1. By a straight-distance test (C-alpha under 27 Å), which lysines pair with LYS13 as possible cross-link partners, with residues fewer than eight away in the same chain excluded?
2. Would you list, by chain and number, the aspartates and glutamates whose Cα falls below 14 Å from the Cα of LYS78, excluding same-chain residues fewer than 8 positions away?
Amino acid sequence: MSSSTSPSGGGLKGFLTRTGKVVHNTGTYIFQVGSSAAMWTYKWGGSTAFVVATSSVLVFMPLLFEIGREGEMLEMEKLQVNDLKTKGYSDRQLREMGFSELVVHAPSVASLGGK
């Protein structure tokens, strides 16, 4: 009697051979799907990062410049108010001239704590 044996025959050797092929094929499939998902994420993330960066530059940079400019204007007004106060102008007269309350009568640190 002759017995035909196939490479993926029965027994422990056949089971391990088949299992090894299944594990290899599954790993290859997972790698392919994972790498394509990673590439999609990379491309999408790059586009998203570009949109966020350009939007930030277009929106927030002018805002930061304006905040800085406003701070400089308040400092200039404070200097003008101090100069006018040394010339004898009252707080009421300075407010009538159009100076803001913050510049004319700057709150002290002690008065801010009482609120």
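1. Straight-line reach from LYS13, under 27 Å: LYS21.
2. Within the straight-line cut-off, LYS78 pairs with GLU70, ASP91, GLU101.
Coordinate-derived values only; no laboratory data. This structure is a prediction, so every number in the text was calculated from the model and none was measured.
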